[in-house]
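The values are calculated or read from the model by the stated rules, or taken from the named source; none is laboratory data. The shown structure was predicted, so the numbers you read here are calculated from the model rather than taken from an experiment. For neighbour counting, all protein chains shown are included, and Cβ atoms are generated from backbone atoms with ideal geometry for every residue, glycine included. These accessible areas exclude ligands, DNA and RNA; they are computed on the full protein's heavy atoms, side chains included. Shrake-Rupley method; radii C 1.70, N 1.55, O 1.52, S 1.80 Å.
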Amino acid sequence: MSSRSDSAGLPARVLVVRLGAIGDVVNALVFATALKRARPDTHVGWAIHDLALPLVEGHPSVDRVHLWRRGSGGAGRRAVTRELRAERYDLAVDLQRIAKSALLARASGAPRVLGYDRRRAKEFSWLLATERIAPGPPHEHMVDQYLAFARHLGCDGPAEHLLPVDAEADAWAAALVDELGAAPVLINPGASKPRNRWSPECFGALAKRLVEDGAAPVVAIGGPGDRELATALLAAAGPGVRDLVGATTLPRLIALERRARLVVTGDTGPMHLAVAVGTPTLALFGPADPRRTGPYGSTERTDSRHTVLRATEGRMDALAVETVHAAARAKLANERA
């Protein structure tokens, strides 16, 4: 098996397997964009689950989308496998590094299957690859890990974040910001892992202070599963916070984040979306490692584009509302200047 970078190693037809989640797909798209930048005629296919589908549909660096619907069982897996085999990919790239993604990459029929090095792979997925990227540090940011795959194929260069633009969603977001009267501060209380969540009461107290500051309209965002968190947040915030939790599609959320002044969030998909569209981000971290999954290019300085506040001892409840409020105010002041 090879881990050697080969400048002639980029074939004409490449399949990317990165089924989810939203933040991971956002970051992984830098790989597809790097391929297209190096060789525009490369045909890039992408295997994906439903939730993150809008991120790759219409993306300028993705030519073909293969949807594997969650919950479709063996019939769904067989259907997507037949579809992949019919495309006759030269190379399948497993960016998810779990058994499920590795098996799909191998089942695609591509003669080359590129995966992670053994140390960073999970669930023995490395055994199913025919070649692997060179070993690297586990704490390296995921964007840089995805770019290591591009370098392995001879495609160098910086990370370039691109997301599809949806005309309907763009018009909706423009009308909403017009209604609000200014670009908003977006507050996202959710995170898939409970230990990565700041309490909704703390988010609510922060929202209340930001409303009282009057620097920008405040909007709560999140998915349908964040409804309970939103209820607690809004109760603590009082009047003045616009509630859009569970009320936006993914394209509408992207369009709204493009128009926001600031996004305050934990370690979750909307954080990575904000970074990808270039909106200033204040990310709240506890046990998760921001070097690996934080906003790409972030620092601990509030005058930087993206800032991480990390709780002491890895406990989210150790982050004081006063500390987060001061950081948010500083970022808003810096953005205004």
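In the stretch 155-190, what count of residues is obtained for those that are surrounded by 15 or more Cβ atoms within 10 Å (Cβ to Cβ) and either on the phi > 0 side of the Ramachandran plot or among the polar types (S, T, N, Q) (or both)?
The qualifying residues number 1.
Residues A276, A236: which one is open to solvent by 30 Å² or more (accessible area, probe 1.4 Å) and farther than 16 Å from A183 by Cβ?
Every option except A236 fails the conditions.
So which of H66, H59 ends up being open to solvent by less than 40 Å² (accessible area, probe 1.4 Å) and not in a loop (DSSP other than H, G, I, E, B)?
After applying the criteria, what remains is H66.
Would you check if there is a residue in the stretch 306-327 being free of Cβ contacts under 8 Å to residues at least 60 places away in the same chain and within 18 Å of A220 (Cβ to Cβ)?
There is no residue in the stretch 306-327 that is free of Cβ contacts under 8 Å to residues at least 60 places away in the same chain and within 18 Å of A220 (Cβ to Cβ).
Can you work out which of the residues in the stretch 143-154 that are of a type outside the set (F, W, Y) and over 20 Å from D289 (Cβ atoms) is most open to solvent (accessible area, probe 1.4 Å)?
R151
Any idea which residue in the stretch 22-46 is surrounded by the fewest Cβ atoms within 10 Å (Cβ to Cβ), counting only those that are among the hydrophobic types (A, V, I, L, M, F, W, C) and out of contact with any helix residue (DSSP H, G or I) (no Cβ under 6 Å at 6 or more places or on another chain)?
Residue satisfying both the conditions and the ranking: A38.
Test L53 against the stated conditions and say whether it is crowded, with 16+ Cβ neighbours inside 10 Å, over 18 Å from L10 (Cα atoms) and not β-branched (V, I, T). So that I can check it myself, show each step before the final result.
Details: crowded, with 16+ Cβ neighbours inside 10 Å: yes; over 18 Å from L10 (Cα atoms): yes; not β-branched (V, I, T): yes.
For L53, the condition - crowded, with 16+ Cβ neighbours inside 10 Å, over 18 Å from L10 (Cα atoms) and not β-branched (V, I, T) - is met.
Taking the residues in the stretch 122-142 that are open to solvent by less than 40 Å² (accessible area, probe 1.4 Å) and within 23 Å of R70 (Cβ to Cβ) as candidates, determine which candidate is modelled with the lowest pLDDT.
Here the answer is S125.
Suppose we filter the stretch 95-120 for residues that are open to solvent by 20 Å² or more (accessible area, probe 1.4 Å), in contact with a Gly (Cβ under 9 Å, 6 or more places away or on another chain) and among the hydrophobic types (A, V, I, L, M, F, W, C); how many remain?
Residues in the stretch 95-120 being open to solvent by 20 Å² or more (accessible area, probe 1.4 Å), in contact with a Gly (Cβ under 9 Å, 6 or more places away or on another chain) and among the hydrophobic types (A, V, I, L, M, F, W, C): 0 in total.
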